[in-house]
Every structure is written in C-alpha cells, then in structure tokens.
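Each remark here refers to the structure printed beneath this line.
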Amino acid sequence: DLSRAASDALGAGELSVEADLFPDLKPEKFYGLMTERAEAFKGRPLRHFACGLHNEKLLKAAASRCGLPWDAPLSADGALELAALLKGFPVKVTGTLGFGDAMVAAGGCALREVDPATFASKNLKGLYITGELLDLDGDSGGYNLHLAWTSGILAGRAAARR
C-alpha cells in the first residue's frame, strides 16, 4: 500500500520516509528497554545485544549508520543512539522494483469505458475487461483478488448470456 503512495509522490520530486521499527513502544519505554538491554549485554559485542531484537540485516544497517561496530561492545550511549534511529529510521525512496516484482498493478482500461454490471467494453462488442486489466486497484489484503474473481464471474456470466 505504501509503494503506491510513494510511486505517486516520486513524480513530484525526491522522497524520503521515516519508519518507526518499534511502533508498539512509546519512545521513553523503548529507550529504557534499550538501556537495560545494553547493561545486560555490557562488554559483549553488539551482535549479541541485537540478537532477537529485530531483523539482523536491518539492525546491521542501523548500527552501520550510527557508526557502531557489529563485533564491538555497545555502550549505553550507543544503545540510545541506535534506539533513536530505530524509532525514526529514515529511508530515501528512489523508485519501485517495477512491474516484475509488483503485488498489484495500477493502470489499465479506464472504468468509464467498461459497463460495471457486466465488465463489457463500451467500445468493442464482445470484449470483457476484468481484474488488473482495469484502471482500479485496492489496498492490500485480498481486495484486488476479490475484484479479479468477482469481475471475472460477472464477465463470464454476461458473455455466456450472449
């Protein structure tokens, strides 16, 4: 769902987003937990501190952005710096992965050119346009699949009646 908005926004220029990687924890609670964890892992490498906290690749990237060596001990200050980044992780958006990796495709035949009851083309008799061939897409969560199945059923019934 975010990629649709990002793709649209990229048309207006540069785009960056900020992700809270621990949205269920208020900042003060999260900073407290990170400080306690730093104390519990005192003298041990950051990789031990990070184990089980979040995705390892993401944590390595965050540590690198903070200048924190993965195999060196983490200080309390380093833990707070890492916590701040994890609560507001900035990412520069440069584009989408393209059609080949898309979960949903936007664009297609304009809805005004299709009968909404039968999905028959208003411009070409005998042509039915369904699913992602239409300029219609919904949020993730099965809505696009529902459109594909429902429009296919309605178009198939209408074509069978012809």
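Taken over the range 115-162, the residue count meeting the criterion of being of a type in the set (Ser, Thr, Tyr) and touching a residue at least 24 places away in the same chain (Cβ under 8 Å) is 5.
Residues in the range 12-43 that are among the basic types (Lys, Arg) and loosely packed, with under 14 Cβ neighbours inside 10 Å: LYS26, LYS29, LYS42. Identify, please: which residue in the range 86-115 is at pLDDT 95 or above and of a type in the set (Lys, Arg) and is, among those, most open to solvent (accessible area, probe 1.4 Å)? My answer is ARG112.
The single condition from (1) touching a Leu at 6+ places or on another chain (Cβ under 8 Å); (2) open to solvent by less than 70 Å² (accessible area, probe 1.4 Å); (3) part of a loop (DSSP other than H, G, I, E, B); (4) not basic (Lys, Arg) that GLY78 fails is (3). For the range 82-104, a tally of residues being touching a Ser or Thr at 6+ places or on another chain (Cβ under 9 Å) and under 12 Å from PHE30 (Cα atoms) returns 1. The condition (being farther than 30 Å from ALA5 by Cβ and surrounded by 11 or more Cβ atoms within 10 Å (Cβ to Cβ)) is satisfied by just one residue among THR130, THR118: THR118.
If the condition is being within 17 Å of PRO90 (Cβ to Cβ) and surrounded by 15 or more Cβ atoms within 10 Å (Cβ to Cβ), then the range 49-65 contributes LEU58, LEU59, LYS60, ALA62, ALA63.
The values are calculated or read from the model by the stated rules, or taken from the named source; none is laboratory data. The structure displayed is predicted, hence computed values, not measured ones. Note: ideal-geometry Cβ built from the backbone for every residue, glycine included; neighbour counts use all protein chains shown. With ligands, DNA and RNA removed, areas are computed over all heavy atoms of the protein, side chains included. Shrake-Rupley method; radii C 1.70, N 1.55, O 1.52, S 1.80 Å.
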